[in-house]
Amino acid sequence: LLILVCASANAQPDAEHARKRREKLEAILRIQDRRTTHDGKLISLLGDADPFIRERATRAYGSIQDSSALRLLIARLDDPDPRVQEAAAFAIGQTAVIVSPHRQASLEKELIWKNLPDSRVPDRLLEEIGKFGTEEGLIDIMIRIGNVYPEKHPEGLTMAIARFAIRGVTTPDAIRYLLRRTHPPESTVWQVVYALQRIGDNTEIRNDLEQIVLLRQHSDPYVRMNLATLLAERDEG
């Protein structure tokens, strides 16, 4: 009987917690669907005691793209839960694309030099900066991350370079970084070749073509696929 009473007592708080979580999640989804935050509800949920709710509320801002919330999202980069930090990085990347170039330049400086060094999700933060960052921002990233030894955050940096390249932003340092990662060819990851093909026909890439074409025998089909795209762009150029 004592065991049954204790089990029942424990089940009640669990059920109440699940009910409150469900209500909050439904509120987040409604706000996200309406794409409006005028009542302040979503802002309050950014500081919820439940990290699951904080993560969902933070990620919702990626859909809403409310530039007035950028300061709040930057604050969430210091959240104790890395899932919330990752959601904040995503929401910042999605939102910063709509602000002015001046504000983008200021934001990237803050993220690269202040938030990135202590981030628990540096790969995600780097890639998200690539969605809106300027050429000067890419130069800063290469100074801060790309030209250091031992190598730091190679996956995030590679995808950041690809994100920059999609928008036509690249630098010689970034290209050389990618080319170094094709040596030796068998250890090259598909993200590197993807970033190269997003840059496309380029003098430095053409100068290293003898090394790059060795990737045609790579075991990863994604490497071979992106190589084919890169070589096709070169032929068209």
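What's the total number of residues in the stretch 126-141 that are farther than 19 Å from GLY200 by Cβ and not in a loop (DSSP other than H, G, I, E, B)? Result for the stretch 126-141: 9. Screening VAL121 with (1) open to solvent by 60 Å² or more (accessible area, probe 1.4 Å); (2) touching a residue at least 24 places away in the same chain (Cβ under 8 Å); (3) within 28 Å of ALA162 (Cβ to Cβ) gives one miss only, at (1). Of the candidates ALA228, ALA160, the single residue that is part of a helix (DSSP H, G or I), of a type in the set (Gly, Ala, Ser) and loosely packed, with under 15 Cβ neighbours inside 10 Å is ALA228. Would you confirm, using the coordinates I've provided, whether GLU127 is under 30 Å from GLU110 (Cα atoms) and in contact with a Gly (Cβ under 7 Å, 6 or more places away or on another chain)? The answer is yes for GLU127.
Residues checked against (1) of a type outside the set (A, V, I, L, M, F, W, C); (2) loosely packed, with under 14 Cβ neighbours inside 10 Å; (3) in a helix (DSSP H, G or I); (4) in contact (Cβ under 8 Å) with a residue 12 or more places away in the chain:
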residue	(1), (2), (3), (4)
GLU155	yes, no, yes, yes
PHE164	no, no, yes, yes
ASP173	yes, no, yes, yes
GLU186	yes, yes, yes, yes
VAL192	no, no, yes, yes
GLU210	yes, yes, yes, no
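Starting from residues that are open to solvent by 80 Å² or more (accessible area, probe 1.4 Å) and within 24 Å of the chain's Cα centre (by Cα), keep the ones in the stretch 30-42 and report whichever is nearest to ILE74 (Cα to Cα). Taking the candidates together, the pick is ARG35.
Of everything listed in (1) among the small types (Gly, Ala, Ser); (2) surrounded by 13 or more Cβ atoms within 10 Å (Cβ to Cβ); (3) outside any helix (DSSP H, G or I), the single unmet condition for SER219 is (2).
Among residues of the stretch 194-208 being assigned to a helix (DSSP H, G or I) and over 18 Å from GLU135 (Cα atoms), the one that is most open to solvent (accessible area, probe 1.4 Å) is ASN207.
One line per residue, one yes/no per condition, for (1) of a type outside the set (Gly, Ala, Ser); (2) out of contact with any Cys (no Cβ under 9 Å at 6 or more places or on another chain); (3) in a loop (DSSP other than H, G, I, E, B); (4) exposed (fewer than 14 other Cβ atoms within 10 Å of the Cβ):
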residue	(1), (2), (3), (4)
ARG21	yes, yes, no, no
ILE28	yes, yes, no, no
TYR61	yes, yes, no, no
LEU73	yes, yes, no, no
ASP79	yes, yes, yes, no
ALA87	no, yes, no, no
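Here HIS102 meets each of (1) over 16 Å from the mean Cα position of the chain (by Cα); (2) closer than 24 Å to ALA27 by Cβ with one exception, condition (2).
The values are calculated or read from the model by the stated rules, or taken from the named source; none is laboratory data. Values in this document were obtained by computation on a predicted structure and should not be read as measured data. We place every Cβ from the backbone using ideal geometry, glycine too, and count neighbours over all the protein chains shown. Ligands, DNA and RNA are stripped out before the accessible areas are found, and what is left, the full protein with its side chains, is counted by its heavy atoms. Shrake-Rupley method; radii C 1.70, N 1.55, O 1.52, S 1.80 Å.
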